[in-house]
1. Ala239: more than 22 Å from Glu148 (Cβ to Cβ) and modelled with pLDDT of 95 or more, yes or no?
2. If we scan the range 221-238, do we find a residue that is open to solvent by 50 Å² or more (accessible area, probe 1.4 Å) and within 16 Å of the ligand (Cβ to nearest atom)?
3. Given the criterion part of a helix (DSSP H, G or I), modelled with pLDDT of 90 or more and either of a type outside the set (D, E, K, R) or in contact with a strand residue (DSSP E or B) (Cβ under 9 Å, 6 or more places away or on another chain) (or both), identify the matching residue among Gln377, Gln395.
4. Which of the residues belonging to the range 12-35 are open to solvent by less than 90 Å² (accessible area, probe 1.4 Å) and assigned to a loop (DSSP other than H, G, I, E, B)?
5. Restricting to the range 352-377, count the residues that are more than 12 Å from the ligand (Cβ to nearest atom) and either open to solvent by less than 30 Å² (accessible area, probe 1.4 Å) or not hydrophobic (A, V, I, L, M, F, W, C) (or both).
6. Report, by residue number, each residue of the range 190-232 that is among the basic types (Lys, Arg) and assigned to a helix (DSSP H, G or I).
7. Pairs needed: first member in the range 251-264, aliphatic (A, V, I, L, M); second member anywhere, near the ligand (Cβ under 9 Å from one of its atoms) and modelled with pLDDT of 95 or more; C-beta distance under 7 Å; at least 6 residues apart or different chains.
8. Among the candidates Met173, Met100, which residue alone is at pLDDT 95 or above and in a strand (DSSP E or B)?
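The values are calculated or read from the model by the stated rules, or taken from the named source; none is laboratory data. On a predicted model such as this, the values are computed, not experimentally measured, just so you know. Quick reminder, even Gly has a Cβ in these numbers, built from the backbone with ideal geometry, and neighbours come from all protein chains shown. Note: areas computed on protein heavy atoms with side chains; ligands, DNA, RNA excluded. Shrake-Rupley method; radii C 1.70, N 1.55, O 1.52, S 1.80 Å.
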Amino acid sequence: MTVDERRDSLRTEFGCSSDDLSALSGDPGLTEDSANRMIENVIGRYALPLGAARNFVINGRKYIIPMVIEEPSVVAAASNGARLAKAGGGFSAEADDPRMIGQLQITGLSDLHAAAAALEAEKAHLLKLAAESCPNLIRRGGGPVDMEFRMFPETDAGPMLIVHLIMDVRDVMGANLIDTALESIAPEVEKISGGIVRLRILSNLADQRLARAACRVPAEVLAFKEFDGETVLSRIVEAAAFAEADPYRAVTHNKGIMNGIDAVVLATGNDWRAVESGAHAWAAKTGQIRPLSHWRRDPENGDLLGTIELPMAVGTVGGATRVHPGAAAALRLMNVQSAQELAGVLAAVGLAQNLAALKALSTEGIQRGHMSLHAKQLAAAAGAQGELADRIAAQMVTENHISASYAAELAAAYIKESHHDA
Ligand code: MEV
């Protein structure tokens, strides 16, 4: 399909409005004025490709998945993984209540236990105080829910008591709400504990806000080229075992998962650094980095079973999700009703991405698929446009000679030929 035909299909299949289609096209996009109000020292705006992954069925509902990414093959792989999962009924996905953790660092204490006990005794009072900083959140059913205490008697800078303020942030990512609440209770925490509050900041290890997804793939749908389904299934299980055993592989396995998740986090205007840092820390929680996803054969009927779990601090309102017209349109396109729903969808996207990568890696390798897109990029970089770029890319793939210099040579030759013909 051409880009226009793809956009038309979003209108007919998903009821995407003309305004949203226009926002997604990037042509009107983020204005310089809005950009100038988003960050400092603005000198321009920066575009990336926005693709739509297909075939996603999550909790029985069909989703189209907007993905912003510079890397070839990711959108195709996500769609491919989703197609395999669809054959087994699609993904099931869910997420915890959107609980974020804020940290207060208390220094200057001689008795950490006594300070923690004093704060524990005033917990209800402190939670009420924190609630006063976020009346809108309370109206939406969220707010401060708990406090926890962690003691570090021997740090390089002396003893520290760390207070965790846990807040249900509903449909926002929550950084601003948490930081405001922490700053609002800090003076009272100093009074009660007798210490000095230094840092007041959200923790990106959002381990009370986990998202999970699972899928089941019948062995026969994994059959591919000369590989039968059973063979592909056992190779995927073998690839997953490699990641369980070896941190060098686990990191790459997880990077592939984040290819999909980050692309959607970015498309929806969310903070992908927050999601990334949470994911990798969660993966390393046992002291060794391990895969975020797990694949095994169902002993009952031989299907491939996949699961994933990771922190997912994302919002559907607030921040760039509102300011950026493309992000707002991407969220409407997905038609997610809450941050919790979005978190589940993101977990499913990560699992789909991982499934496609493991299938390709354990069979024909990823270079063949990668190289044809890479060839298109090289042809475009050599100055070829439209059909000519496709023709040069196809020739490089057929001749198995894909390089920037060959693309430039072919582009020059074709351009010369067309001038000659004219
Ligand atoms: C490339 O961006 C991602 C992969 O390396 C992921 C993986 O190895 O599982 C293909």
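1. The answer is yes for Ala239.
2. Scanning the range 221-238, I find at least one residue that is open to solvent by 50 Å² or more (accessible area, probe 1.4 Å) and within 16 Å of the ligand (Cβ to nearest atom), so the answer is yes.
3. Testing whether each residue is part of a helix (DSSP H, G or I), modelled with pLDDT of 90 or more and either of a type outside the set (D, E, K, R) or in contact with a strand residue (DSSP E or B) (Cβ under 9 Å, 6 or more places away or on another chain) (or both) leaves just Gln395.
4. The answer is Gly15, Cys16, Ser17, Gly26, Pro28, Gly29, Leu30, Thr31.
5. Number of matching residues: 9.
6. First, pick out the residues of the range 190-232 that are among the basic types (Lys, Arg): 191, 198, 200, 209, 212, 216, 225.
If the condition is that a residue be among the basic types (Lys, Arg) and assigned to a helix (DSSP H, G or I), then Lys191 is the only one that fits.
7. Cβ pairs passing all conditions: Ile257/Gln353; Ile257/Asn354; Ala263/Val74.
8. Working: Met173 fails: in a strand (DSSP E or B).
Answer to the selection: Met100.
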